[in-house]
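J.: To start, I am sharing the structure in question, which I have written as structure tokens.
Readers should treat all values here as calculations from the given coordinates under stated rules, not as data from a laboratory. This structure is a prediction, so every number in the text was calculated from the model and none was measured. Every residue, glycine among them, receives a Cβ derived from its backbone with ideal geometry; neighbour counts consider all protein chains shown.
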Amino acid sequence: MPFEVLLVNPNQMKPAIAPLALDYLADSLAEAGYAASLLDLCFASDCEQAIADLLRSHDPALIAITFRNTDDCYCTGQDFFVPRLREIVQGLRARTGAPIVLGGVGFSLMPEAILQYCGLDLGIAGDGEKAFVELARSLERGEDYHAVPGLVYRTADRFVRNPPRYVDMTRLPRRRRALVDNARYFREGGQGASRPSEAATCPAPTAPIPSPRAGPSGCCRRRASPTRWRR
């Protein structure tokens with residue numbers, strides 16, 4: 001049976017922003033020979049039903065959830081997303097025994113606390129394109145995975161966080177970005193078109209530059225600047 005990886009976007013914040021991380025992960029997984037499927041909950045009216053519907057036709061061996069924001073960043077909104085993330089984790093856990101791995105910028109801010117709150121054992125803090133593929137390969141082969149860079153894992157009495165290995169982005173596979181429905185995000189979300197008519201006339205979907213990429217200074221979030229860039 002193929003080793004299928006399910007990639008999950010739990011972010012329902014509007015205006016909708018495409019889960020770029022999942023497109024990147026899918027490309028890295030494809031290069032390594034793994035099939036990836038997508039559960040995108042951004043436009044779902046009923047997340048529990050969306051989870052049930054997808055898992056009726058898929059039997060993933062591994063699940064990855066990208067957690068982009070811990071809150072809405074609005075002083076008037078103050079919407080905290082971690083409890084909703086836990087609900088989605090519980091919905092998945094009720095229907096499959098596949099390992100669930102957390103990742104993403106929001107997760108990387110406080111990985112141990114989020115894993116503890118969600119009742120999970122595994123996450124990847126920082127870059128995931130190479131680390132997650134290494135983790136998938138180790139799990140598929142039944143090998144020890146505890147040395148995977150950036151891995152955060154639970155032991156009997158604590159969490160351990162491995163040092164990250166920052167990715168040389170010039171060496172990543174060519175970006176096909178074929179997993180996520182980027183055209184829909186362009187039409188209905190916050191990615192470039194200020195009016196519906198602009199989305200209709202644009203020749204191709206676009207996406208913003210993901211500036212909050214984990215940087216070499218050791219911090220979890222680092223905004224791009226004219227003087228310091230990650231390759």
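J.: Rank the residues SER57, SER28, SER108, SER138 as a footprinting-exposure proxy: fewest other Cβ atoms within 10 Å of their Cβ go first.
T.: Lowest to highest Cβ neighbour count: SER57, SER138, SER28, SER108.
J.: Working out 0.36 nm times the residue gap between PHE159 and ASP121, then minus their Cα-Cα distance, what length gain in nm do you get to one decimal?
T.: Length difference between fully extended and current span is 12.8 nm.
J.: While we're here: Do any chymotrypsin sites (Phe, Trp or Tyr not before Pro) in segment 1-74 lie in a DSSP loop with no more than 12 other beta carbon atoms within 10 Å, and if so, which?
T.: TYR74
J.: On to the next question. If amide H atoms are built 1.01 Å from N in the plane of the peptide, which residues on other chains or at least 5 residues away come under 5 Å of the amide H of LEU38?
T.: So LEU38 has HN proximity to LEU7.
J.: Let me ask something additional. Could you compute the net charge surrounding ARG93? Neighbours are other residues with a C-beta less than 14 Å from the C-beta of ARG93; K and R count +1, D and E count -1.
T.: Net of charged neighbours comes to -1.
J.: Sorting THR170, THR96, THR66 on the 10 Å Cβ count, fewest up front, what's the list?
T.: Ranking THR170, THR96, THR66 by Cβ neighbours within 10 Å, fewest first, gives THR170, THR96, THR66.
J.: Order of TYR185, TYR145 from fewest to most other C-beta atoms within 10 Å?
T.: Result, fewest neighbours first: TYR145, TYR185.
J.: Using 0.36 nm times the number of residues separating GLU48 and ARG93, minus their current alpha carbon distance, what extension gain do you get?
T.: My answer for the length gained is 15.0 nm.
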